[in-house]
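Participant: One structure follows; several queries about it will come next.
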Amino acid sequence: MKITDILEPEMVVPQLKGQTKTDILRELAQQLCSKHPEIALDKLVAVLAERERLGSTAIGDAIAIPHGKLRGVGKILGVFGRSTVGVDFESLDGSPTQLCFMLVAPEDSASLHLKALARVSRLFKDAPFRERLMKAADSAELYKLIREEDSRY
């Protein structure tokens with residue numbers, strides 16, 4: 001599985017506006033729902049919030065991978081967002097989250113969902129790659145960097 005199988009160029013948000021974890025989850029969900037009107041925004045936000053209640057999806061190093069499963073989703077979908085100021089996502093290491101990669105999977109996709117999470121986690125663990133993402137000028141450059149890094153694996 002490649003990141004580019006689940007992330008389309010228009011699903012990259014170069015500057016997240018949200019100031020809280022809840023704001024960011026809604027903003028990422030709105031981005032996805034703008035292209036996928038079959039997904040109910042409130043249901044998606046509720047699924048993401050419920051997953052966060054189980055434990056933060058912020059894995060440290062300024063990265064969060066909010067995710068959830070939703071009935072009616074046909075395949076794994078992704079949205080990437082960057083916050084240059086950072087948001088408190090209750091990260092394991094206490095650092096503000098700046099890079100968020102949201103994943104939404106079909107309700108019955110356990111193995112693909114886990115593979116997607118592992119792929120995103122591995123990709124974003126590379127510090128020089130994260131630095132390049134933080135310096136990117138716009139969504140096109142962000143997507144290009146993600147695509148190039150993804151092709152290395």
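Participant: Being over 23 Å from TYR143 (Cβ atoms) and of a type in the set (A, V, I, L, M, F, W, C) narrows it down to one residue among ALA64, ALA40, ALA29; which is it?
Facilitator: Checking each option against the conditions leaves just ALA40.
Participant: While we're on this one: Go through the range 126-153 residue by residue and tally those that are modelled with pLDDT of 90 or more, open to solvent by 60 Å² or more (accessible area, probe 1.4 Å) and either acidic (Asp, Glu) or under 20 Å from ILE76 (Cβ atoms) (or both).
Facilitator: Qualifying residue count, the range 126-153: 6.
Participant: When residues of the range 85-104 are filtered for being over 17 Å from GLY18 (Cα atoms) and either modelled with pLDDT under 95 or of a type in the set (D, E, K, R) (or both), how many remain?
Facilitator: Of the residues in the range 85-104, 3 are over 17 Å from GLY18 (Cα atoms) and either modelled with pLDDT under 95 or of a type in the set (D, E, K, R) (or both).
Participant: Checking the structure you have, find out if any residue of the range 86-98 is surrounded by 20 or more Cβ atoms within 10 Å (Cβ to Cβ), aromatic (Phe, Trp, Tyr) and either in a loop (DSSP other than H, G, I, E, B) or touching a Cys at 6+ places or on another chain (Cβ under 7 Å) (or both).
Facilitator: The answer is yes; a qualifying residue exists.
Participant: Could you please find all residues in the range 99-118 being among the aliphatic types (A, V, I, L, M), open to solvent by less than 70 Å² (accessible area, probe 1.4 Å) and part of a helix (DSSP H, G or I)?
Facilitator: Residues satisfying the conditions are ALA110, ALA116, LEU117, ALA118.
Participant: All but one of (1) at pLDDT 95 or above; (2) open to solvent by 50 Å² or more (accessible area, probe 1.4 Å); (3) within 21 Å of GLU107 (Cβ to Cβ) hold for PRO66; state the number of the condition that does not hold.
Facilitator: Just one mismatch for PRO66, condition (2).
Participant: Within the range 70-85, how many residues are in contact (Cβ under 8 Å) with a residue 24 or more places away in the chain and outside any loop (DSSP other than H, G, I, E, B)?
Facilitator: Here the count works out to 9.
Participant: OK, next. Against the conditions (1) loosely packed, with under 14 Cβ neighbours inside 10 Å; (2) more than 14 Å from the chain's Cα centre (by Cα); (3) hydroxyl-bearing (Ser, Thr, Tyr), where does SER121 fall short? Just the number, please.
Facilitator: Among (1) loosely packed, with under 14 Cβ neighbours inside 10 Å; (2) more than 14 Å from the chain's Cα centre (by Cα); (3) hydroxyl-bearing (Ser, Thr, Tyr), SER121 violates only (2).
Participant: Can you name the condition, by its number, that ILE39 falls short on among (1) open to solvent by 70 Å² or more (accessible area, probe 1.4 Å); (2) more than 16 Å from the chain's Cα centre (by Cα)?
Facilitator: If we test ILE39 against (1) open to solvent by 70 Å² or more (accessible area, probe 1.4 Å); (2) more than 16 Å from the chain's Cα centre (by Cα), just (1) comes out false.
Participant: Any residue that is open to solvent by 30 Å² or more (accessible area, probe 1.4 Å), assigned to a loop (DSSP other than H, G, I, E, B) and among the charged types (D, E, K, R) - is there at least one of those in the range 8-22?
Facilitator: yes
The values are calculated or read from the model by the stated rules, or taken from the named source; none is laboratory data. Note that the coordinates shown come from a computational prediction; the quantities given were computed from them, not determined experimentally. All Cβ positions, even for glycine, are placed from backbone atoms using ideal geometry, and neighbour counts span all protein chains on display. Side chains are part of the model used for accessible areas, which takes the heavy atoms of the whole protein and leaves out ligands, DNA and RNA. Shrake-Rupley method; radii C 1.70, N 1.55, O 1.52, S 1.80 Å.
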